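The values are calculated or read from the model by the stated rules, or taken from the named source; none is laboratory data. Keep in mind the model is a prediction, meaning the values are calculated, not measured. Backbone-built Cβ (ideal geometry, glycine too); neighbour counts: all protein chains shown. Heavy atoms of the whole protein, side chains included, go into the accessibility calculation; ligands, DNA and RNA do not. Shrake-Rupley method; radii C 1.70, N 1.55, O 1.52, S 1.80 Å.
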There are 2 protein chains.
Amino acid sequence: MAEESVDVPLKRPREEEENGVSASAVGMETEGNPDYISSVIPGWFSEISPMWPGEAHSLKVEKILFQGKSDYQNVMVFQSSTYGKVLILDGVIQLTERDECAYQEMITHLPLCSIPNPKKVLVIGGGDGGVLREVARHSSVEHIDICEIDKMVVDVSKQFFPDVAVGYDDPRVTLHIGDGVAFLKAVPEGTYDAVIVDSSDPIGPAQELFEKPFFESVAKALRPGGVLCTQAESIWLHMHIIEDIVANCRQIFKGSVNYAWTTVPTYPSGVIGFMLCSTEGPPVDFKHPVNPIDVEESQTKSKRPLKFYNSEIHSAAFCLPSFARKVIESK
Amino acid sequence: MAEESVDVPLKRPREEEENGVSASAVGMETEGNPDYISSVIPGWFSEISPMWPGEAHSLKVEKILFQGKSDYQNVMVFQSSTYGKVLILDGVIQLTERDECAYQEMITHLPLCSIPNPKKVLVIGGGDGGVLREVARHSSVEHIDICEIDKMVVDVSKQFFPDVAVGYDDPRVTLHIGDGVAFLKAVPEGTYDAVIVDSSDPIGPAQELFEKPFFESVAKALRPGGVLCTQAESIWLHMHIIEDIVANCRQIFKGSVNYAWTTVPTYPSGVIGFMLCSTEGPPVDFKHPVNPIDVEESQTKSKRPLKFYNSEIHSAAFCLPSFARKVIESK
């Protein structure tokens with residue numbers, strides 16, 4: 001993997017020292033733990049947020065492996081008792097070793113299996129490297145750019161989640177540390193076949209990634225008939241946010257605009273959705289993958305097999321419960 | 001609705017007094033609350049169980065509306081801050097007003113929309129009445145038996161969940177208070193078009209409902225080409241239990257044996273599965289519903305519209321992640 005120096009303006013000033021990145025293995029004492037550890041069941045991590053008021057998912061903590069504060073967010077890694085290692089950003093679960101396959105495989109293969117021969121792919125966010133790992137399964141891909149704002153997420157993932165960060169080992173990957181919004185503005189028109197936005201929730205560093213100017217930049221950076229897949233929250237919790245995203249996308253993406261979803265047990269409400277959009281050009285029928293990866297996979301024994309994704313679950317992901325279909329189709 | 005007296009032997013002796021059934025609105029003091037309240041965040045209910053070790057889902061409690069101990073289990077109802085009223089049995093969430101639609105609609109319409117003209121339906125468990133409400137949408141149905149072991153569940157549901165227990169108001173319904181296993185043994189062969197088993201987890205009163213003799217009784221009670229739908233746990237948490245259920249069902253149901261699943265945010269891991277089986281006879285292709293309810297629904301304005309189920313999500317429910325498909329297909 002080629003690692004470029006910061007080549008786009010950063011959204012916020014960053015301090016240069018990397019002190020916070022050293023691993024610290026602390027005990028299970030409640031004192032000294034961050035707020036989101038101490039306020040809950042002793043010895044458990046609880047995910048409490050205004051994004052999902054009145055509920056919390058908790059995981060039993062065996063050992064805290066890392067705690068740091070980057071220029072953008074609080075970063076924590078712990079060993080859980082039944083979900084493997086867990087990555088937390090600003091108190092919110094980003095991935096667990098047990099269920100990360102569902103999210104990473106779906107956010108990647110839903111877009112890439114929907115177009116023939118993807119060659120250039122951009123990942124915004126996704127600093128853990130899991131999306132890179134999945135993109136790298138596609139042999140047609142020649143170049144993968146990733147723009148992650150927070151270097152601490154990259155470093156921590158490489159240290160504690162080698163089976164996820166393995167994505168960085170692919171020689172087609174170029175890492176850009178910087179702001180995805182600014183990066184996209186500097187991209188020549190029509191550069192990418194696919195853009196995948198693997199962001200955290202729209203409160204915090206990722207907020208701009210849910211706004212209209214950002215979607216406009218994505219559309220410009222894509223070739224005609226190119227595709228966007230972006231994390232798009234939960235139909236059970238955030239229909240109002242989803243409504244806005246869908247309305248924005250319909251204005252900007254003149255190919256097609258679709259909502260898909262999947263199960264991820266450690267995400268709030270147990271599901272997460274994706275917006276799948278294409279620009280004007282060769283039509284993209286997201287519901288019927290033209291570039292199946294299942295077959296190719298079965299022929300290459302070298303890589304870890306897909307755990308979650310298959311062509312059937314690809315199509316099924318676009319079937320929505322009536323309450324969600326009604327809102328999304330009305331936009 | 002006709003309510004019959006107990007007409008089958010009960011599994012365990014029941015005391016006659018109904019003292020526990022009176023509603024008690026208690027405050028939020030931790031003392032005096034059952035164990036599963038006192039061990040967690042004050043003012044929150046946390047669902048902790050050996051069935052899903054190392055994790056817990058918590059809901060903020062506004063007010064406890066009912067606590068009682070039946071002959072079979074602890075029964076609790078509370079007003080949550082964001083999920084409406086919640087029914088708890090033995091410390092496990094059975095339903096919340098906010099997401100019960102997903103479970104009740106899927107467990108009912110997956111089987112009933114898969115066969116033409118269902119006329120006689122048996123519900124085992126399902127004391128809250130939600131499955132009855134959904135069965136009653138099918139105009140072809142002439143008779144609905146329900147066998148619930150715990151009268152307290154029925155009484156509490158009628159008192160606190162009128163929009164769920166409304167199912168009991170249908171004149172086609174006959175309630176049998178008693179043990180489902182014994183009830184089924186007394187049923188003449190070939191009686192039902194469909195049997196729906198809406199049980200709690202296989203620890204506690206529902207254990208026998210996951211065992212082979214029970215499935216044999218179900219198969220006998222069904223007409224040729226009749227269908228069973230039974231609650232079948234989570235692919236994320238209980239693949240070992242699911243493996244056993246699938247293996248049992250393949251031995252007993254000589255029509256077809258299928259696994260489907262859906263999202264229910266307040267169930268552990270956010271999903272719940274169903275076994276869908278048919279007896280030898282006219283073939284049943286569960287994946288392609290022959291008796292769509294969407295159309296009929298749109299013509300009758302009298303009932304609350306379906307919130308979750310539609311024909312697309314019916315078929316999608318049978319598409320499994322690769323890790324689950326591999327195990328289930330190997331049985």
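Residues of segment B:306-321 include none that is modelled with pLDDT under 95 and surrounded by fewer than 19 Cβ atoms within 10 Å (Cβ to Cβ). Where strands (runs of 3 or more DSSP E) fall entirely within segment B:54-107, those with at least 1 residues that are open to solvent by less than 10 Å² (accessible area, probe 1.4 Å), touching a residue at least 12 places away in the same chain (Cβ under 8 Å) and of a type in the set (Ser, Thr, Tyr) are at B:55-69, B:74-80, B:92-96. When residue B:125 is tested against (1) among the small types (Gly, Ala, Ser); (2) over 16 Å from the mean Cα position of the chain (by Cα); (3) under 22 Å from residue B:51 (Cβ atoms), only condition (2) is not met.
Looking at this structure, is residue A:66 in contact with a strand residue (DSSP E or B) (Cβ under 8 Å, 6 or more places away or on another chain) and either away from chain B (no Cβ under 14 Å) or within 20 Å of residue A:313 (Cβ to Cβ) (or both)? For residue A:66, the condition - in contact with a strand residue (DSSP E or B) (Cβ under 8 Å, 6 or more places away or on another chain) and either away from chain B (no Cβ under 14 Å) or within 20 Å of residue A:313 (Cβ to Cβ) (or both) - is met. Listed conditions (1) in contact (Cβ under 8 Å) with a residue 60 or more places away in the chain; (2) within 22 Å of residue A:102 (Cα to Cα); (3) among the charged types (D, E, K, R) are all met by residue B:303, apart from (2).
Given the criteria part of a loop (DSSP other than H, G, I, E, B), modelled with pLDDT of 95 or more and surrounded by fewer than 23 Cβ atoms within 10 Å (Cβ to Cβ), does residue B:280 qualify? In short, yes.
Scanning segment A:198-241 for residues that are assigned to a helix (DSSP H, G or I) and of a type in the set (Ser, Thr, Tyr) yields one hit, A:217. Considered as a group, the residues in segment B:175-218 that are hydroxyl-bearing (Ser, Thr, Tyr) and open to solvent by 10 Å² or more (accessible area, probe 1.4 Å) include one that is nearest to residue B:122 (Cα to Cα), and that residue is B:191. Tallying residues that are within 27 Å of residue B:293 (Cβ to Cβ) and either of a type in the set (D, E, K, R) or not in a loop (DSSP other than H, G, I, E, B) (or both) within segment B:311-323 yields 6. For segment B:40-53, the set of residues classified as outside any loop (DSSP other than H, G, I, E, B) and among the aromatic types (Phe, Trp, Tyr) consists of B:44, B:45, listed by residue number.
Can we say residue A:272 is in contact with an Asp or Glu (Cβ under 6 Å, 6 or more places away or on another chain) and either without any contact (Cβ under 8 Å) to a residue 12 or more places away in the chain or hydrophobic (A, V, I, L, M, F, W, C) (or both)? No, not satisfied. With respect to (1) within 13 Å of another protein chain (Cβ to nearest Cβ); (2) at pLDDT 95 or above, the lone exception for residue B:120 is condition (1).
Counting only residues that are in a loop (DSSP other than H, G, I, E, B) and open to solvent by 10 Å² or more (accessible area, probe 1.4 Å), segment B:108-130 holds 4 of them. All told, residue A:234 falls short of being touching a Leu at 6+ places or on another chain (Cβ under 9 Å) and surrounded by 16 or more Cβ atoms within 10 Å (Cβ to Cβ).
Residues in segment B:141-160 that are among the hydrophobic types (A, V, I, L, M, F, W, C), surrounded by fewer than 23 Cβ atoms within 10 Å (Cβ to Cβ) and assigned to a loop (DSSP other than H, G, I, E, B): B:141 alone. Kindly indicate the residue of segment B:283-305 that is at pLDDT below 95 and open to solvent by less than 30 Å² (accessible area, probe 1.4 Å) and also farthest from residue B:163 (Cα to Cα) among those meeting that condition. The selected residue is B:293. Taken over segment A:49-62, the criterion of being at the interface with chain B (Cβ under 9 Å from one of its Cβ atoms), under 19 Å from residue A:85 (Cα atoms) and in contact with a helix residue (DSSP H, G or I) (Cβ under 8 Å, 6 or more places away or on another chain) is satisfied by A:57 alone.
The set of residues in segment B:243-259 being aliphatic (A, V, I, L, M) and either modelled with pLDDT under 95 or open to solvent by 10 Å² or more (accessible area, probe 1.4 Å) (or both) consists of B:245, B:247, B:252, B:257.
Of everything listed in (1) within 14 Å of chain A (Cβ to nearest Cβ); (2) in contact (Cβ under 8 Å) with a residue 40 or more places away in the chain; (3) among the β-branched types (Val, Ile, Thr), the single unmet condition for residue B:227 is (1).
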